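Let me begin by presenting the structure, written as structure tokens, before commenting on it.
No value in this document is a laboratory result; all are computed from the given coordinates. Keep in mind that this is a model prediction, so the values were computed, not measured. Please note: Cβ atoms are built from the backbone with ideal geometry, for glycine as well, and neighbour counts cover all protein chains shown.
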Amino acid sequence: MTDHASVSSDAVDAAGGRGCVAVVGAGAMGSGIAQVAAQAGHDVILVDAREGAAQAAVERLGATLGTLAGKGRITQEDADAARSRLSCVDDLRSLPSCRLVVEAVVEDLEAKREIFATLASRQDADTILASNTSSLSITAIAEGIAHPERIIGLHFFNPPPLMRLVEVVRGARSGADTMTEAVELMTAWGKTPVRCTSTPGFIVNRVARPFYGEAQRMVQEGICSAATVDEALRQAGFRMGPLELTDLIGQDVNLAVGTSVWEQTDHDPRYEPTAFQQDLVAQGALGRKTGHGVYRYDDAGKPLDAEPDLAAVTALVGGPVRTDPVARTVAMLVNEAVAVVARGEAAPEDVDTAMRLGTNYPRGPIEWGREIGLDVVGAQLEELAAIYPTGRYRPSKGLHLPQVVTPAGVSTPG
Ligand code: NAD
């Protein structure tokens, strides 16, 4: 089972026949999800509130599939077949009954609730109704809607055709069968699903917070330059340093995600935004898109002031945790990851898979914590908590949980 065509036929089997998939919202995410579903063998119907947007997306996707075939990534036959499965309708109310409907409209609770209410009254009671929201509560979206057991989150990453990870998100009233069916369907689509409960940021957008927050704090405190922090983390195996990455994402976008998690956790000090980033946003230094963020960029997007002090990297790494960019960041990532497990929101292996695939971290944070020693991480956090007694660095009880300490499938003697 190595070629694409056999994945497609598996998908159709798993879907219980050629089930149709509808995608509401034909923007960046909706189009990508539609492409994945069509390539997995489903008839896909796009719908968008903006006139002509769904039709334009179908045409764009046709061109994309043609390009993939031209480059030899898929066969011409598969491209033609996927293209022939894509269509659109003008109105949500014109959708036929589907196997799965994925909502990917603007990130607004009221807009999403209205769509789910309409879908709930027109789709079958066993149609999976999924939201691609990155920050809203699945429980809140499903509130007051008939048969809430069919409502879940399917959080795809950008761009959906390339990113393997999908967080399959359980709201308070999502059905266990719906979750299992969605996990099977995502696997059949060639994705790697992880299960989690609907909590602020789900797995990836929550566990990743300290990657940005610790780097910002170290620069804010004058411990070292931005370029030095970035270099230290690149040397530790991260593809990009946290500060150059936030310049790429956009300081405003990154701050909005962090602030949303902070607000939804009753202002837990673990997620408190930094003055460093708030000042950047207030000054309009949003990153590459404005030519100035943490770094300044030339017209070609090349940073002009990102020279690290290599001697400083060597001096800091391996020293006290407060001034070691790698130890300080990794300790906090491990703490966040085990806290997700301790709250019962996801399994340790799903947290590690989510972070490796969703953020490209060199190792899953829990596996990384085991390598360093969870007791060592605990001691590093205690050291930080003594220096900064704000609650941000409090060690999670997850550091001591048996399923965290010992990987699944590994039994300890006795
Ligand atoms: P987008 O702005 O590119 O597309 C949204 C589309 O929805 C637009 O075409 C718009 O016309 C349409 N729309 C708006 N209101 C509608 C309605 N009431 N009915 C039908 N269509 C409507 O947005 P996007 O980046 O594709 O994001 C969509 C969703 O996916 C959001 O919930 C976002 O949080 C989530 N998400 C985005 C990313 C990302 O990186 N962009 C990643 C994961 C999840």
Within region 52-99, DSSP-loop trypsin sites (Lys or Arg not before Pro) with at most 15 other C-beta atoms within 10 Å are Lys71, Arg73
17 Å Cα-Cα reach of Lys289 towards lysines, excluding residues that sit fewer than 8 places from it in its own chain: Lys302
Whole-Hz couplings from phi, Karplus 6.51/-1.76/1.60, listed for region 121-130; x for Gly and Pro: 7, 10, 8, 4, 5, 10, 6, 6, 10, 10
I need the shape label for the chain. Rule: rounded when a/c is under 1.5, else prolate if a/b > b/c, else oblate, with a, b, c from the alpha carbon gyration tensor. prolate
Alpha carbon centroid spacing (whole Å) that separates region 217-249 from region 310-349: 14
Would you order Arg209, Arg50 from fewest to most other beta-carbon atoms within 10 Å of each residue's own beta-carbon? Arg50, Arg209
What number, rounded to the nearest 500 deg cm²/dmol, is the helix-based mean residue ellipticity at 222 nm of the chain, given -39500 (n - 2.57) per DSSP H run of at least four residues and division by all its residues? -14500 deg cm²/dmol
Would you mind computing, in nm to one decimal, how far apart the modelled labels at Ala275 and Ala385 are, each placed 7 Å from Cα along Cα→Cβ? 2.6
First select every other residue whose beta carbon is under 10 angstrom from the beta carbon of Ala22; then total the charges, Lys and Arg +1, Asp and Glu -1. -1
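Just order 346-354, 218-226 by mean Cβ neighbour count inside 10 Å, highest at the front, would you?
Working: 346-354: 23.3, 218-226: 18.0.
For the peptides 346-354, 218-226, the packing ranking is 346-354, 218-226.
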Taking θ as phi - 60°, what are the ³J(HN,Hα) couplings along region 91-104 by the Karplus curve (6.51, -1.76, 1.60), each to the nearest whole Hz, with x for Gly and Pro? 9, 3, 6, 8, 5, x, 6, 10, 7, 8, 10, 10, 8, 9
Region 28-42 - phi-based ³J(HN,Hα) in whole Hz, Karplus 6.51/-1.76/1.60, Gly and Pro as x: 4, 6, x, 4, x, 5, 4, 4, 4, 5, 5, 5, 7, x, 8
Count the DSSP beta bridges whose two residues both fall in region 9-198, then state the antiparallel fraction as a percent rounded to the nearest 5. 15
At a Förster distance of 35 Å, what's the computed FRET efficiency of Lys71 paired with Lys289, Cβ-Cβ distance as r, to 0.05? 0.80
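So for the chain: antiparallel DSSP bridges make up what percent, rounded to the nearest 5?
25
Could you list Phe276, Phe156 in order of exposure, starting from the residue whose Cβ has the fewest other Cβ atoms within 10 Å? If you can, show how the numbers build up before the last one.
Numbers: Phe276 19, Phe156 23.
Least to most surrounded, the residues fall as Phe276, Phe156.
Which of Tyr388, Tyr393 comes first, and how do the rest follow, when ranked by fewest Cβ neighbours within 10 Å?
Tyr388, Tyr393
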